[in-house]
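The values are calculated or read from the model by the stated rules, or taken from the named source; none is laboratory data. Predicted, not measured: the structure shown is a model, and the values here were computed from it. Here Cβ is always computed from backbone atoms with ideal geometry, including for glycine, and neighbour counts include all displayed protein chains. When the accessible area is computed, the model is the full protein with side chains, heavy atoms only, and any ligands, DNA or RNA have been set aside. Shrake-Rupley method; radii C 1.70, N 1.55, O 1.52, S 1.80 Å.
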Amino acid sequence: MARKPVRIATRGSRLALWQANHVAQLLRQRDPDLRVDIVTVAARGDVDRSQPLERLGGEGVFTREIQNAVIESQADVAVHSLKDLPTEPTAGLTLAAVPKRGSMFDALVLPASSGTTLRGKQSELMASLPHGARIGTGSPRRRAQLFHHRNDFCVLNVRGNVETRIAKLDSGEYEALVLAEAGLQRLGIEDRITVVLEPPLMYSAVGQGALGIECRSDDEELRLLLAELSDRGTRQCVLAERRLLAALRAGCHAPLGVMTRIDSAGLTLEAVVLSNDGRQRISAAATGRVEQPERLGDRVAAEIVRQGGDRLITEMP
């Protein structure tokens, strides 16, 4: 008997639709006869684009309505940017798959008219920005790390989809933007990347560059199908990152950055926590077994707490 169509719930932005269609393509590669439909859902974070995300309730502003569509059987699968997905499980849903990750790094984007010749040199480029440079980002994590690097920056909130933000940059509202490298690549506008920002200057958000695919917990057939889309290395890395976030009781908008890698030594997790003004910065790192990512997340979280990093998180406005 042929399986019924699979309906994927997603936000309606061009980037979110790319992500949903990417998952649809992965499913069709495994079953060319499978019908996959895209169901667009308006998330609260997309409807209200004027307020900072933390004022909209923080966690779940880009995921809650998409999850509800699956819970209420208006769709079968929810596709999220994993960095937006709260670590607290949602009743009735399971994280069924985490496909191979894109870039987990951020990127600095300058106006099209800048004509910079420092492409690829992050320290030199950051130093070349004028005193008091206006840098657009909606992320407290990015803001705190920018302030830690240079406390003269004027970091301003910017909302809207990627294209809208870049249009504001090119019109002169900002001297620079910080955006996710993976998003720019997925939209086919990676040529706008001036420089990729990497540790130790800029640590990434938990789950950045990865997709989280949810379905109803009781849909065993779909759970098995989606599990085939998972990339083991990516899943182990993000499990460590998400356990760290959960153990620190930090929301996905906390000033916390991470870096993970798998090599011959095992799975390594590095983390930084900063005060909102960037003046205080606590770091920790550990390496553990690839098969025990959550234990590694707990170890690094414990070291952050030992150094007082939990206090910085609770001091968030």
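All but one of (1) over 26 Å from S13 (Cα atoms); (2) at pLDDT 95 or above; (3) hydroxyl-bearing (S, T, Y) hold for T117; state the number of the condition that does not hold.
(2)
Mind listing whichever residues of region 124-144 are part of a helix (DSSP H, G or I) and surrounded by 13 or more Cβ atoms within 10 Å (Cβ to Cβ)? I'd like the intermediate steps shown before the answer.
Narrowing region 124-144 to residues part of a helix (DSSP H, G or I): 124-128, 140-144.
L125, M126, S128, P140, R141, R142, R143, A144 - these are the residues of region 124-144 that are part of a helix (DSSP H, G or I) and surrounded by 13 or more Cβ atoms within 10 Å (Cβ to Cβ).
Results for (1) open to solvent by less than 10 Å² (accessible area, probe 1.4 Å); (2) more than 20 Å from D84 (Cα to Cα); (3) touching a strand residue (DSSP E or B) at 6+ places or on another chain (Cβ under 6 Å), shown as yes or no for each residue.
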site: L146; (1), (2), (3): yes, yes, yes
site: N151; (1), (2), (3): no, yes, no
site: R186; (1), (2), (3): no, no, no
site: I193; (1), (2), (3): no, yes, yes
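Restricting attention to region 261-309, and to residues there that are in contact (Cβ under 8 Å) with a residue 24 or more places away in the chain and β-branched (V, I, T), which single residue is farthest from R141 (Cα to Cα)?
V290
Just one of (1) under 25 Å from L269 (Cα atoms); (2) open to solvent by 60 Å² or more (accessible area, probe 1.4 Å); (3) in contact with a Gly (Cβ under 6 Å, 6 or more places away or on another chain) trips up N157, so point out which.
(1)
Being open to solvent by 30 Å² or more (accessible area, probe 1.4 Å) and under 30 Å from V39 (Cβ atoms) narrows it down to one residue among K121, K100; which is it?
Values: K121 fails: under 30 Å from V39 (Cβ atoms).
The unique qualifying residue is K100.
Which one is least open to solvent (accessible area, probe 1.4 Å), of the residues in region 284-311 that are of a type outside the set (A, V, I, L, M, F, W, C) and part of a strand (DSSP E or B)?
The selected residue is G288.
Quick one: count up the residues across region 59-96 that are open to solvent by less than 60 Å² (accessible area, probe 1.4 Å) and either part of a strand (DSSP E or B) or farther than 17 Å from V36 by Cα (or both).
Qualifying residue count for the region: 22.
Can you tell me which condition Y174 does not meet? The list is (1) over 24 Å from K100 (Cβ atoms); (2) surrounded by fewer than 18 Cβ atoms within 10 Å (Cβ to Cβ); (3) of a type outside the set (G, A, S), and all the others hold.
Unmet condition: (2).
Residue check: is L267 under 22 Å from L82 (Cβ atoms) and outside any helix (DSSP H, G or I)? Give the steps one after another, and end with the answer.
Details: under 22 Å from L82 (Cβ atoms): yes; outside any helix (DSSP H, G or I): yes.
Yes, satisfied.
Per-residue answers, yes or no, for (1) among the aromatic types (F, W, Y); (2) at pLDDT 95 or above:
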site: Q185; (1), (2): no, yes
site: T194; (1), (2): no, no
site: Y203; (1), (2): yes, yes
site: V206; (1), (2): no, yes
site: A210; (1), (2): no, yes
site: D218; (1), (2): no, yes
site: Q236; (1), (2): no, yes
site: R243; (1), (2): no, yes
site: P255; (1), (2): no, no
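Can you name the residue in region 7-17 that is more than 21 Å from K100 (Cα to Cα) and in contact with a helix residue (DSSP H, G or I) (Cβ under 8 Å, 6 or more places away or on another chain) and is also most open to solvent (accessible area, probe 1.4 Å) among such residues?
Per the criteria, the residue is G12.
So which residues in region 18-33 are among the charged types (D, E, K, R), open to solvent by 60 Å² or more (accessible area, probe 1.4 Å) and not in a helix (DSSP H, G or I)?
Within region 18-33, just D33 meets the criteria.
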